[in-house]
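K.L.:
A single structure is presented below for examination.
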């Protein structure tokens with residue numbers, strides 16, 4: 001048998017290298033509780049810049065968390081991109097998320113990520129009270145969320161009890177101030193006969209339309225209206241200053257599934273979301289707070305470090321079932 005010539009061997013290596021180069025890029029499966037409208041563009045940027053295909057399953061954050069718990073180690077998901085920290089905490093508590101590298105975790109402040117390193121915050125959402133500037137001045141608004149139980153607010157408020165962000169806020173109140181305080185607040189607001197809306201957008205519109213004087217929402221909904229209608233839009237955000245649950249800053253965040261088939265690519269996805277480019281996207285396009293130091297927040301919003309936020313482990317927002325039970329018990333939910 002004749003030995004393989006050097007030329008033939010070199011040719012074989014070139015062919016093999018070309019085959020490897022031509023191999024399809026790696027892909028990841030993302031379960032996203034964030035809507036395609038909000039995060040689709042940044043995921044497309046990730047695919048374009050990295051060559052990694054992201055197969056995204058969009059859905060409700062809580063429902064996707066339930067699906068992950070049901071699928072367990074057999075889940076096809078590599079990344080869970082959740083709308084709020086509570087859902088991430090529930091999946092982490094089931095032992096389904098891997099510990100992320102320190103270089104990823106340290107991109108954000110400790111209070112905005114899992115204390116055990118299993119998920120990291122990507123963008124922030126502050127709870128605020130949207131109010132009618134034609135009827136109210138900031139000085140007329142309570143410093144604490146509890147001030148809105150005063151009978152003077154009867155018939156003037158709006159809320160969205162079925163909204164996930166509202167339920168996370170109530171969970172925070174339960175965790176921070178106890179079940180009895182949360183019950184009293186819900187009963188107090190209910191006694192003030194608030195109007196019920198489907199979501200935050202509808203609440204802000206209702207304030208602008210003069211249906212209500214104030215409503216409980218996340219901060220960024222107002223900025224969407226301001227971007228479309230300008231500064232004459234007659235609604236502004238009130239940030240309560242009492243450092244109670246009404247000043248909660250929740251996060252959208254992400255974690256890598258422990259059973260991920262493409263964990264390196266999954267970590268790269270999270271790294272991309274924490275890049276300055278992506279953080280600016282969240283500030284400029286979705287009007288959320290970037291969580292990486294050095295990236296400015298949405299124009300017109302107070303800096304994140306100036307909000308008197310309560311001291312809470314965001315993972316503790318995972319106890320949604322007890323919150324739903326309390327909302328039903330108080331008659332807020334049927």
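The values are calculated or read from the model by the stated rules, or taken from the named source; none is laboratory data. Remember, predicted model here, so these are calculated numbers, not experimental data. Every residue, glycine among them, receives a Cβ derived from its backbone with ideal geometry; neighbour counts consider all protein chains shown.
For every residue, the table says whether it meets (1) under 20 Å from residue 254 (Cβ atoms); (2) more than 17 Å from the chain's Cα centre (by Cα); (3) at pLDDT 95 or above.
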{"position": "8", "(1), (2), (3)": "no, yes, no"}
{"position": "17", "(1), (2), (3)": "no, yes, no"}
{"position": "41", "(1), (2), (3)": "yes, no, yes"}
{"position": "67", "(1), (2), (3)": "yes, yes, yes"}
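K.L.:
Tally the residues that are in a helix (DSSP H, G or I), touching a residue at least 12 places away in the same chain (Cβ under 8 Å) and surrounded by fewer than 20 Cβ atoms within 10 Å (Cβ to Cβ), restricting the search to the stretch 64-77. Talk me through it step by step, then tell me what you get.
P.N.:
Residues of the stretch 64-77 that are in a helix (DSSP H, G or I), as a first pass: 64-74.
After this cut, where a residue has to be touching a residue at least 12 places away in the same chain (Cβ under 8 Å) as well, the list is 64-65, 67-69, 72-74.
Then drop every residue that is not surrounded by fewer than 20 Cβ atoms within 10 Å (Cβ to Cβ), which leaves 67, 69, 72-74.
Of the residues in that region, 5 qualify.
K.L.:
For the stretch 99-201, which helices (runs of 4 or more DSSP H) that fit wholly inside it have 2 or more residues that are assigned by TED's automatic domain parsing to the domain that holds residue 34, out of contact with any helix residue (DSSP H, G or I) (no Cβ under 6 Å at 6 or more places or on another chain) and closer than 30 Å to residue 263 by Cβ?
P.N.:
Once the helices (runs of 4 or more DSSP H) in the stretch 99-201 are filtered for at least 2 residues that are assigned by TED's automatic domain parsing to the domain that holds residue 34, out of contact with any helix residue (DSSP H, G or I) (no Cβ under 6 Å at 6 or more places or on another chain) and closer than 30 Å to residue 263 by Cβ, what remains is 102-105.
K.L.:
Tally the residues that are over 13 Å from the mean Cα position of the chain (by Cα) and crowded, with 20+ Cβ neighbours inside 10 Å, restricting the search to the stretch 78-100. Reasoning before the result, please.
P.N.:
Taking the stretch 78-100 first, the residues over 13 Å from the mean Cα position of the chain (by Cα) are 78-79, 90-100.
Narrowing the set further to residues that are crowded, with 20+ Cβ neighbours inside 10 Å leaves 78-79, 90-92, 96-97, 100.
Final tally of qualifying residues: 8.
K.L.:
Next question, about the same structure. Please find, among 292, 235, the residue that is over 25 Å from residue 130 (Cα atoms), touching a helix residue (DSSP H, G or I) at 6+ places or on another chain (Cβ under 6 Å) and buried (at least 17 other Cβ atoms within 10 Å of the Cβ). Walk me through how you get there before you give the answer.
P.N.:
Numbers: 235 fails: over 25 Å from residue 130 (Cα atoms).
Of the residues listed, the single one that is over 25 Å from residue 130 (Cα atoms), touching a helix residue (DSSP H, G or I) at 6+ places or on another chain (Cβ under 6 Å) and buried (at least 17 other Cβ atoms within 10 Å of the Cβ) is 292.
K.L.:
For the stretch 269-295, give me each residue that is in contact with a strand residue (DSSP E or B) (Cβ under 6 Å, 6 or more places away or on another chain) and closer than 20 Å to residue 255 by Cα. Lay out the reasoning, then the answer.
P.N.:
If we filter the stretch 269-295 for residues that are in contact with a strand residue (DSSP E or B) (Cβ under 6 Å, 6 or more places away or on another chain), which is where we start, we get 269-270, 273, 279, 282-283, 288-289, 291.
Those that are in contact with a strand residue (DSSP E or B) (Cβ under 6 Å, 6 or more places away or on another chain) and closer than 20 Å to residue 255 by Cα: 269, 270, 273, 279, 282, 288, 289, 291.
K.L.:
Follow-up. For the stretch 296-334, name all the residues that are touching a strand residue (DSSP E or B) at 6+ places or on another chain (Cβ under 8 Å) and at pLDDT 95 or above.
P.N.:
Of the residues in the stretch 296-334, the ones touching a strand residue (DSSP E or B) at 6+ places or on another chain (Cβ under 8 Å) are 296-298, 301, 304, 307, 309, 314, 317.
None; the set is empty.
K.L.:
If we keep just the residues of the stretch 165-194 that are in contact with a strand residue (DSSP E or B) (Cβ under 7 Å, 6 or more places away or on another chain) and under 13 Å from residue 332 (Cβ atoms), which is surrounded by the fewest Cβ atoms within 10 Å (Cβ to Cβ)? I'd like the intermediate steps shown before the answer.
P.N.:
From the stretch 165-194, those in contact with a strand residue (DSSP E or B) (Cβ under 7 Å, 6 or more places away or on another chain) are 165-166, 168-169, 189, 192, 194; that's our starting set.
In the following step, the residues that additionally are under 13 Å from residue 332 (Cβ atoms) were identified as 166, 169, 189, 192, 194.
On the way: 166: 22, 169: 25, 189: 21, 192: 17, 194: 24.
The selected residue is 192.
K.L.:
Consider residue 287 carefully, then state whether it is touching a residue at least 40 places away in the same chain (Cβ under 8 Å) and within 16 Å of the chain's Cα centre (by Cα). Walk me through how you get there before you give the answer.
P.N.:
Details: touching a residue at least 40 places away in the same chain (Cβ under 8 Å): yes; within 16 Å of the chain's Cα centre (by Cα): yes.
Judged against the criteria, residue 287 is a match.
K.L.:
Which number in (1) modelled with pLDDT under 95; (2) more than 25 Å from residue 112 (Cβ to Cβ) marks the one condition that residue 84 misses?
P.N.:
Of everything listed in (1) modelled with pLDDT under 95; (2) more than 25 Å from residue 112 (Cβ to Cβ), residue 84 misses just condition (2).
K.L.:
I'd like to verify a number: residues in the stretch 209-223 that are more than 16 Å from the chain's Cα centre (by Cα) and either crowded, with 16+ Cβ neighbours inside 10 Å or within 26 Å of residue 80 (Cβ to Cβ) (or both), how many?
P.N.:
Step one: of the stretch 209-223, the residues more than 16 Å from the chain's Cα centre (by Cα) are 209-216, 222-223.
Now drop any that are not either crowded, with 16+ Cβ neighbours inside 10 Å or within 26 Å of residue 80 (Cβ to Cβ) (or both), which leaves 211-216, 222-223.
So the answer is 8.
K.L.:
Looking only at the stretch 241-262, decide whether some residue is surrounded by fewer than 19 Cβ atoms within 10 Å (Cβ to Cβ), farther than 29 Å from residue 173 by Cβ, over 17 Å from the mean Cα position of the chain (by Cα) and without any contact (Cβ under 8 Å) to a residue 60 or more places away in the chain.
P.N.:
No - not one qualifying residue is present in the stretch 241-262.
K.L.:
Against the conditions (1) under 25 Å from residue 138 (Cβ atoms); (2) in contact with a strand residue (DSSP E or B) (Cβ under 7 Å, 6 or more places away or on another chain), where does residue 230 fall short? Just the number, please.
P.N.:
(2) is the only condition that residue 230 fails.
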